[in-house]
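Right, one structure below, let's go through it.
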Amino acid sequence: MSEFASEPSARRELAGEPSAGRGPLAGVTVLQAADGVAAPYCGMLLADLGAEVTVLDPEGDRTRGWRADGLVYSLLNRGKGVAEGATGHDVVLVDTDSLARRPELRSHVEAPTGISCRFSLFGPDGGWGDAPLSELAAQLLSEATSSVGDPGHPGRAGVDIGSTYAGIFAAQAICATLACGTEPEVIDVSTVGALLTMRSTLWVALSNPDEWWGFHLDSYTRPPFRGYRCADGAIYFDLRFAASVDWDALVTELGIADVRDDPRYPALLVQGAGPTGRYADEAREVWERGFAGRTVAEVTALLRRYEGNVFPVLEYPALLASEQVAAVGAVVPATAGVPAHIAPPWEFSATPLEHDPSPAP
């Protein structure tokens, strides 16, 4: 019997009484009985929120054998301990793979005493209820591959987006359940369902559009956006108040006044001012001709005079070395056994988080 079932202290604290410790989930115990990405990512978020997360059989986690010397395992499981048993926890994270390998874990979803969160490919019911977890299968089933790569050549997203989204949604559901009651609960989260949710706005746009253009429609047919080239880098920009821009002054200052001779000029720049514009692809050559002899800083200053939004398009080394990343503390420096990694995306004023620097078990 879980201690949580007889004395729901963690839920009582979350319902109104402040918890002492290293975050809002201090005092909550979590058993991570599944490996891969989805459950460990959820466990990582809960640990970052202050929960005590322990891993059942960490030696068997398949991410240990992935490339880069188990880097994925090290990052997903930082700050966690080794579970001494499979009972006595407030929250249990399992998936269809772990339930197939370890039948004794089935009691957590068949007769839960606390919160059990089960991850699956496409839900626990139906013909695919026992399907093994597969990130590529989730991306293919949700059509996520159609918006990756060049038009007509879909590709797998470079990160495990389905598993990561599932971990995020699971953490949200667990926090809601902790806050709202004391009854045992089984939460089901699927990687395909997570991707379907994230792509739902796109499909709504496709259902009955007034016109067949725009970001949610063009993602199937337009090439990936990699920025507008300047002399020393690339930028993203848009002109927020295009209707009030002095276009003659802007193109003159950019040295592309000859574009006024193009019969498409009125629509070409106004509706192609940025990557989401209606004629952005046609206008790219015009803008890049105006940016070619200027640095990113110079183009930024110029466009901001016309009330434009401008941001550099950065690769990861440049982004992580930027002043803004340092200002917000977005990167946690490496410690013994834990490589440098991205910090949690939230901050709490009343219950500050205390980062656990301990390495993965």
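Just so it is clear, none of the values below were taken in a lab; they were calculated from the coordinates. In this text the structure is predicted, and so the values were computed from the model without any measurement. Using ideal geometry, Cβ is built from the backbone for each residue, glycine included, and neighbour counts are taken over all protein chains shown.
Here are some notes:
- Using 0.36 nm per residue and subtracting the Cα-Cα separation, the extra length available between S322 and R156 on full extension is 56.9 nm.
- Residue order, fewest to most surrounding Cβ atoms within 10 angstrom, among H341, H89, H153: H153, H341, H89
- Selection from P184, A340, A301, by position along the positive dipole direction of the chain (Cβ): A301
- Computed FRET value (nearest 0.05) for D57 with R240, which takes r as the C-beta separation and R₀ as 51 Å: 0.45
- Burial ordering of E211, E185, E285, E298, fewest other beta-carbon atoms within 10 Å first: E211, E285, E298, E185
- In this structure the amide hydrogen of H341, modeled in the peptide plane, comes within under 5 Å of the amide hydrogens of V332, none closer than 5 places in sequence on its chain.
- Amide H contacts under 5 Å for V92: L31, I115, S116, C117, restricted to partners 5 or more places along the chain or on a different chain, H placed in the peptide plane at 1.01 Å from N.
- Computed log₁₀ I(q)/I(0) - Debye formula, equal Cα scatterers, no solvent, the chain, q 0.12 Å⁻¹: -0.99
- For the range 144-160, backbone phi angles converted through the Karplus equation (6.51, -1.76, 1.60; θ = phi - 60°) give residue-by-residue couplings of 4, 5, 5, 9, 10, x, 7, x, x, 10, x, x, 6, 4, x, 10, 7 Hz, Gly and Pro being listed as x.
- Those GluC sites (Glu not before Pro) in the range 34-122 that DSSP places in a loop and that have at most 11 other beta carbons within 10 Å: E84
- Extension gain, R67 to V148: 0.36 nm times the residue separation minus the Cα-Cα distance gives 26.9 nm.
- Value at 222 nm in deg cm²/dmol, rounded to 500, when DSSP H runs of n ≥ 4 in the chain each add -39,500 (n - 2.57): -10000 deg cm²/dmol
- For the range 132-138, backbone phi angles converted through the Karplus equation (6.51, -1.76, 1.60; θ = phi - 60°) give residue-by-residue couplings of x, 5, 8, 5, 5, 4, 5 Hz, Gly and Pro being listed as x.
- Share antiparallel - DSSP beta bridges, the chain, percent rounded to 5: 35
- Amide hydrogen neighbours beyond the local backbone of V313, cut-off 5 Å, H modeled: A234, I235, Y236
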